[in-house]
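Here the structure comes first, spelled out in structure tokens, and everything after it is commentary.
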Amino acid sequence: MSTFRTHPDPSQWDDYVDFESKSWPKKDRRHYWIIPSICFNCESACGILAYVDKDTLEVRKIEGNPVHPGSRGRTCAKGVVTPNQLEDPDRVLYPLKRVGARGAGEWKRVTWDEALDDLGGRIRRAIQEGRRRELMYHVGRPGEDGYVNRVLQAWGIDGHNSHTNVCSSSARLGHFLWTGADRPSPDYANAKTILLLSSHLESGHYFNPHAQRIIEGKSRGARLIVIDPRLSNTSAKADLWLPANPGTEAALILAIARYLVTSGRYNRTFVKTWVNWEAYLEACHPDLPRTFESFEAALANEYEQFTPEYAESETGVPAAQILEAAEAVAAAGTAFATHSWRAAAAGHLWGWQITRCLYLLVVLMGAVGEPGGVNLHVTNKFVPKHPNPPPPPDYWNDLLFPKEYPLAFFEMSFLLPHFLKEGRGRLDTYFTRVYNPLWTNPDGFSWMEVLKDESKIGMHVALTPIWSETAWFADYVLPMGLGTERHDTMSQETHAGRWLGFRQPVTRVAMEKKGQKVAHTYDANPGDVWEEAEFWVALSWRIDPDGSLGIRKYFESPYRPGEQITMDDYYGWIFEHSVPGLPDAAKKEGLTPLQYMRRYGVFKVDDIAYSKAHEQTLAAEALSGTRVSDSSGLIEKDGTPVGVMTDGLPRVGFNTPSRKLEFYSPTLAAWGWPEHAIPRYAPGHVYWRTLDRAANEFDLLPNFRLPTLIHTRSPVKWLYEISHNNPLWMATTDAAKLGVEAGDLVKVRTGIGAFVTRAWVTEGIRPGVVGMSHHLGRWRMNEDQGGARTASSLVKITGHGDGRYEMRQVHGARPFASDDPDSGRVWWSEVGVHQNITFPVQPDPVSGMHCWHQRVKVEKAGPDDHYGDIMVDTNESHRLYKEWMAMTRPAPGPDGTRRPMWFDRPLRPVPGAYKFE
Ligand code: SF4
């Protein structure tokens with residue numbers, strides 16, 4: 001009996017035979033190499049298999065890699081469209097240099113040698129002249145672990161900038177303050193109750209790996225509770241959907257916490273052992289006896305206000321449903337899994353407090369590191385060591401972490417235009433890497449202004465696989481590879497286990513299987529498309545050709561001293577030296593570790609699913625030279641906490657200053673935020689009670705996306721055929737009041753301007769809230785260049801010279817002639833409206849996260865309004881920037897530093913750089 005198989009067995013991957021689909025019904029057979037790689041279309045790092053035609057070397061198909069422990073053979077729609085991206089008729093295939101004014105859209109093709117010489121010379125001069133502060137790398141989609149940081153360290157620059165403060169900083173900070181790790185790793189598959197504040201089944205952090213495990217958990221009987229004002233795909237799958245008023249989620253969560261505490265249905269032993277309750281009593285209730293019973297009483301008192309009825313009055317969710325959710329959490333015991341990533345945490349002022357409140361539930365249940373509970377990401381993500389690590393940079397870059405934001409969890413990236421306008425610095429060479437700040441970030445016209453200004457940014461280099469609104473304002477557009485065109489290593493905390501994935505340029509691998517020598521990945525990729533990993537090596541050699549700057553040595557082969565390192569050298573070294581178990585597994589198959597990874601694309605490091613790393617006892621060696629504090633049991637070595645005494649044993653504990661879970665944050669108290677020292681409910685900046693509903697004020701929820709959208713790399717035919725429009729979700733009652741029907745044009749006025757879009761009238765959103773997906777509305781300024789014609793509208797931008805801009809769509813998507821016959825079949829025209837460009841920056845004063853929700857006024861569009869119209873005033877955006885900046889409480893901290901020493905940075909400089917000068 002034959003059995004149905006979803007994937008060819010790895011034994012078939014060297015010669016897989018399939019029928020040629022295009023010659024049906026004739027049965028032509030074609031031969032393929034099946035070469036694994038890692039998807040590049042979000043950070044989940046799912047395993048993919050590329051079917052490479054042995055004759056033509058074309059990638060004919062992508063599907064999931066069945067041996068990948070995280071994605072287990074599955075991809076989402078975004079993974080399988082990789083061939084669309086490879087064949088996109090509008091992709092950038094050759095290095096381009098601008099010839100006219102920046103942003104004027106005139107380009108000439110250059111060779112990689114020309115670009116490398118120019119950039120290498122420029123960066124060398126900046127380093128030699130002591131201008132390292134003027135070099136900056138700004139990443140959107142990282143898709144790798146540690147490679148670029150190593151490059152920047154080798155150059156000696158504190159120049160790593162990221163997109164994280166428009167993405168997940170608040171969620172990370174909330175988690176970090178509790179645990180010292182910036183995100184959880186929920187074990188959904190084994191949970192009894194799952195509580196989500198992110199739309200994980202459509203766009204959560206680890207979308208496909210998490211989504212499949214949430215459904216697995218549900219199929220085993222888990223109860224799914226979702227807090228979201230919008231009926232997302234995740235809400236639609238929930239047993240209990242709680243559409244709380246946006247920004248009030250913490251009130252609902254604290255009502256659950258109160259229920260657990262007052263009913264005594266919490267894990268008393270865990271809390272007593274692992275929470276820093278003594279520090280809380282000392283700081284907040286010095287008059288109470290230092291007993292756990294005092295803490296329990298004080299805890300009940302802290303949250304006394306959060307009755308179900310009070311939570312109902314704040315959130316709009318019926319008290320009975322809140323009690324039902326509380327009961328489900330209580331019943332889960334330690335099998336309680338939860339996650340908050342973007343959504344509420346990213347939407348609101350004090351959003352990081354929402355995550356802290358959520359994690360309070362995890363702590364109360366003692367669900368840390370338990371089956372069906374929540375691991376720490378550091379337990380489940382595996383990052384190997386890279387060869388020959390350079391030292392950290394020896395200075396502090398204020399353009400990244402200014403004094404106003406000592407606790408910002410990531411770089412204050414989206415404020416860069418305002419910092420440059422204020423003269424806080426200038427950039428000599430600015431790399432944007434798979435990043436489109438002009439379109440993705442709020443306040444895009446301010447980005448356009450500084451990108452055009454050569455006195456502020458001397459040279460802008462866009463490393464990108466496709467055209468973008470930002471790349472249009474570059475000096476060089478350098479084409480970089482997609483998921484089957486580049487080398488990277490990646491790992492994520494997808495579940496209770498650890499693995500390492502290997503992305504590789506599959507055509508290059510196929511050419512080498514054919515016996516062809518390939519010197520550079522761009523020799524195998526379409527056109528002159530390269531990959532960053534090789535590019536940075538080549539550029540570093542141009543910066544330091546003779547090694548006199550001390551940079552070149554980091555880019556020499558560990559196997560052939562003095563020669564340029566190759567990708568085989570680099571990744572071969574990692575796989576040989578820093579992936580436990582891989583050399584042995586490879587040897588068993590008669591392969592080198594590199595050959596093993598090229599063959600399978602992934603290695604399962606271990607199944608240390610529930611390590612409870614905090615409970616590990618410190619070995620005698622680690623204990624030598626330590627001292628133990630009598631009062632707290634903290635174990636310190638040379639002033640650094642290394643563990644904590646619990647139950648008479650020296651344990652590793654958590655990565656916090658107290659080595660315990662910090663319910664009370666001494667850091668927040670000491671750095672100027674004592675009122676936020678414990679998890680608390682603080683309504684967001686668009687609090688529903690303050691909306692002037694009579695004047696048609698609404699809360700705009702702009703930070704969700706559809707499951708078929710890939711940040712800025714969505715514009716390909718299959719994805720846009722599925723979803724190409726982002727209308728404004730509006731509740732039926734609200735639409736009736738405004739006299740708006742589905743499809744009508746509406747005008748949405750924000751703090752700095754307005755946009756015009758269509759209404760979608762639905763019961764799937766809370767009245768008083770309007771919602772709009774943030775991954776549509778791409779535009780270009782030239783008919784034939786600058787954006788995917790399948791997916792962008794041609795626009796005309798009028799600048800009035802006084803900070804006011806207007807954008808009008810000339811036309812939307814149209815069919816067009818190209819090598820791809822499908823481009824003549826484009827049937828859609830409206831491709832969305834760019835809402836983000838009309839938003840002011842709204843940096844949370846603690847986490848630094850952009851608070852995405854907007855207070856808006858909605859009206860029926862007038863006769864002069866057209867679909868896609870945009871109006872913005874950048875002077876107003878700078879004024880609002882200053883208003884938000886005024887809320888900060890700047891460094892130095894109590895010890896004279898810029899930032900608490902225990903707060904990491906994506907690229908951490910030397911300890912001395914933390915000192916305030
Ligand atoms: S979830 Fe992300 S990594 Fe996985 S297939 Fe989809 S886009 Fe690719």
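The values are calculated or read from the model by the stated rules, or taken from the named source; none is laboratory data. Keep in mind that what you see is a predicted model, and the values were worked out from it rather than measured. Cβ coordinates were reconstructed from backbone atoms using ideal geometry, including for glycine residues, and neighbour counts include every protein chain displayed. Surface areas here come from the heavy atoms of the whole protein model, side chains and all, with no ligands, DNA or RNA. Shrake-Rupley method; radii C 1.70, N 1.55, O 1.52, S 1.80 Å.
Using alpha-carbon positions, what is the distance between the centroids of the range 135-199 and the range 490-562, in Å? Measuring centre to centre over Cα atoms gives 24 Å.
Pairs from the table (Lys717/Lys796; Lys513/Lys553; Lys78/Lys882; Lys108/Lys456; Lys381/Lys403; Lys421/Lys796) lying more than 28 angstrom apart at Cα are Lys513/Lys553; Lys78/Lys882; Lys381/Lys403.
To make sure I understand the rule: partners must be lysines, Cα under 23 Å from the Cα of Lys27, and not fewer than 8 residues away in the same chain. Which ones qualify? In chain and number order, the partners are Lys54, Lys61.
Mean residue ellipticity at 222 nm, helices only, the chain: -7500 deg cm²/dmol; runs of at least 4 DSSP H residues each add -39,500 (n - 2.57), and the sum is divided by the number of residues. Values of log10 I(q)/I(0) for the range 585-716 across q = 0.15, 0.17, 0.20 Å⁻¹ run -0.94, -0.98, -1.10, by the Debye formula with one identical scatterer at each alpha carbon and no solvent. Summing Lys and Arg as +1 and Asp and Glu as -1 over all other residues whose Cβ lies under 14 Å from the Cβ of Ala533 gives a net charge of -4. Per the Debye formula with a single identical scatterer at each Cα and no solvent contribution, what log10 I(q)/I(0) holds for the range 267-314 at q = 0.32 Å⁻¹? So the normalised log intensities are -1.16.
With r as the distance between the Cβ atoms of Lys26 and Glu917 and R0 = 60 Å, compute the FRET efficiency 1/(1 + (r/R0)^6) and round to 0.05.
The formula returns an efficiency of 0.20 here.
In the context of the full set of protein chains, residues of the chain present 34 Å² of accessible surface per residue (probe radius 1.4 Å, heavy atoms only).
Let's test the formula: R0 of 51 Å, r as the Cβ-Cβ distance of Arg60 and Thr762. What FRET efficiency results, to the nearest 0.05? It comes out at approximately 0.80.
Using r as the Cβ-Cβ distance of Thr566 and Trp828, and R0 as 56 Å, what FRET efficiency do you calculate, to the nearest 0.05? Here the calculated transfer efficiency is 0.80. Using bins of 10 Å that start at zero, the share of Cα-Cα pairs per bin across the range 79-158 amounts to 13, 29, 40, 16, 2, in whole %.
How many percent of the alpha carbon pairs in the range 626-784 exceed a separation of 27 Å? Numbers along the way, then the final one.
Numbers: 6797 of 12561 pairs.
I get 54 percent for the Cα pairs in the range 626-784 exceeding 27 Å.
Taking every DSSP beta bridge with both residues inside the chain, roughly what % is antiparallel (nearest 5)? Present the calculation step by step, with values, prior to reporting the outcome.
Numbers: 74 of 116 bridges.
The answer is about 65 percent antiparallel.
Here the simple spin-label model places points 7 Å from the Cα toward Cβ, and for Ala670 and Arg290 these points are separated by 1.7 nm.
Sum up the charges of everything whose Cβ sits under 13 Å from the Cβ of Glu114, counting Lys and Arg as +1 and Asp and Glu as -1, but leave Glu114 out.
Numbers: positive: Lys97, Lys108, Arg109, Arg122, Arg542; negative: Asp113, Asp117, Asp118, Asp475, Asp528.
In short, 0.
Modelled spin labels at Leu93 and Arg680, positioned 7 Å past Cα toward Cβ, are 6.1 nm from each other. Dividing the radius of gyration of the alpha carbons in the range 130-190 by their Kirkwood radius gives 1.09 for Rg/Rh. Only protein atoms count toward the accessible area here, which uses a 1.4 Å probe; on the chain, the carbon and sulfur part of that area reaches 51 percent.
Between the range 376-449 and the range 300-375, what is the C-alpha centre distance in whole Å? The range 376-449 and the range 300-375 have Cα centres spaced 32 Å from each other.
Within 14 Å, Cβ to Cβ, of Gly547, how many net charges do the neighbouring residues add up to if Lys/Arg are +1 and Asp/Glu are -1? All intermediate terms of the calculation are to be shown ahead of the outcome.
Details: positive: Arg124, Arg542, Arg552, Lys553; negative: Asp544, Asp546, Glu556, Glu563.
Spelling it out: positives minus negatives among the neighbours equals 0.
Note on the chain: dipole from Cβ charges, positive end direction compared against Gln854, Cys42, Gly73; the farthest Cα belongs to Gly73.
Rounded to two decimals, what is the ratio between the C-alpha radius of gyration of the range 780-860 and 2.2 N^0.38 Å? All intermediate terms of the calculation are to be shown ahead of the outcome.
Details: Rg = 17.2 Å, N = 81, 2.2 N^0.38 = 11.7 Å.
This ratio for the range 780-860 stands at 1.47.
Could you work out Rg/(2.2 N^0.38 Å) for the chain, with Rg from alpha carbons only? Normalised Rg, Cα atoms only: 0.92.
For the range 553-627, the alpha-carbon radius of gyration amounts to 1.56 times the rule-of-thumb value 2.2 N^0.38 Å expected for a compact globular protein.
Counting every pair of alpha carbons in the range 390-441, the share spaced more than 15 Å apart comes to 56 percent.
Take every pair of alpha-carbon atoms less than 8 Å apart whose residues are at least six positions apart; their mean separation over the length of the range 653-775 yields a relative contact order of 27 percent. Highest mean packing comes first when the peptides 368-377, 475-484, 593-602 are listed by Cβ atoms within 10 Å, giving 475-484, 368-377, 593-602.
Out of all Cα-Cα pairs in the range 607-682, roughly what percent, to the nearest whole number, are more than 21 Å apart? If you can, show how the numbers build up before the last one.
Working: 1059 of 2850 pairs.
Tail fraction, whole percent: 37.
Between the C-alpha center of the range 236-266 and that of the range 650-725 there is a gap of 16 Å.
Extent along the principal axes, Cα only, for the range 813-895: 65, 37, 20 Å, with the longest axis given first.
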